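What follows is a short report on a single structure.
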Amino acid sequence: MAAALDNDDIQLCAPSMLTRLRRETEMRSKLLAGLLASVLAFGAGTADAALLTYSNRADFLADTGATSASGVFPSDQRGASSIRIGQITYSAAAAATPFDVGLIDSAHFPGQRLLSVTGRDQLNIRSHTAPIYSLGFDFVELENDPGRNGRFIDSTFTVTLLNGASNIIDMFTFNAPNDVAAFVGVWSTDPFDRIRIRETVGAAENELFGQVYTGRTALDISQIPVPEPAAGLVMGMSLLMLAGVLRRRTRQAQS
Ligand SMILES: [Ca+2]
Ligand SMILES: [Ca+2]
Ligand SMILES: [Ca+2]
């Protein structure tokens, strides 16, 4: 946990020490940000990778350098428990579940077909380019759309990153805005080659999955945004500087 500066720090500080303290505080904030990113992404997870998640495709592509790995979906393809499109294989969470690919047009992604899954929306995505450090996909959660197919539920999904069939790297959850072209992306410090997508709140009502984008540049932990220091800490630093100035003035007056 980051420690706040206490009164002793304020009274004892020399200007050079101030710089050091400031650096240490920044380091602690950075570390805390990394830890928070892991905890937020994870829920009760145990892996030590750090993740950044994205809901904006342009930001994701700009940061990670990822490119489309699936390409635009073909016009029609259906009825198998796994389907390869470009460098991506989509497979059902349960082997017997059929996939419908390319059957759905969505006004939110004009000119593109989207994948829908029969039953509860669960699927696996594997990259044939491996390892990767970032993966994102276009997504629509249907609320008032005629293609919704069943009572609307505001769905939550859990995404698990794996390197190999069973080596779990990290996980995060998302709930996308409804009836809009959405995006879900993740960038990891650790390599992976596949994800599992599981609808943990929701049912057979449709969500649609679009193109997949992947990248091979690892997330550096220093790229995780540092939160602004708490107001109390800023005030502490100001008092610290004021104390230094006052001491210098007192000494000058005495000499
Ligand atoms: Ca839903
Ligand atoms: Ca939603
Ligand atoms: Ca669903």
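Where a number appears in this text, it was derived from the coordinates with a stated rule and is not lab data. From a predicted model like this one, the values you see are computed outputs, not experimental measurements. All Cβ positions, glycine included, derive from the backbone under ideal geometry; neighbour counts span all protein chains shown.
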Expressed in nanometres to one decimal, the distance between label points 7 Å along Cα→Cβ at Ile168 and Asp48 is 1.8 nm
Listed by chain and number, the residues whose amide H is under 5 Å from that of Leu142, excluding neighbours fewer than 5 places away on the same chain and using placed H, are Asp179, Leu208
Region 76-228: relative contact order from alpha carbon pairs under 8 Å, six or more residues apart, as a whole percent, is 29 percent
Once Ser55 and Ala203 are pulled to full extension, the length gained, defined as 0.36 nm per residue separation minus their Cα-Cα distance, is 51.0 nm
Sorted by chain and then number, the residues having a modelled amide H within less than 5 Å of the amide H of Thr118, at least 5 places away or on another chain, are Asp100
Computed ³J(HN,Hα) along region 133-143: with the Karplus parameters 6.51/-1.76/1.60, θ = phi - 60°, integer Hz and x for glycine or proline, the list is 10, 9, 8, x, 8, 6, 7, 9, 9, 8, 10
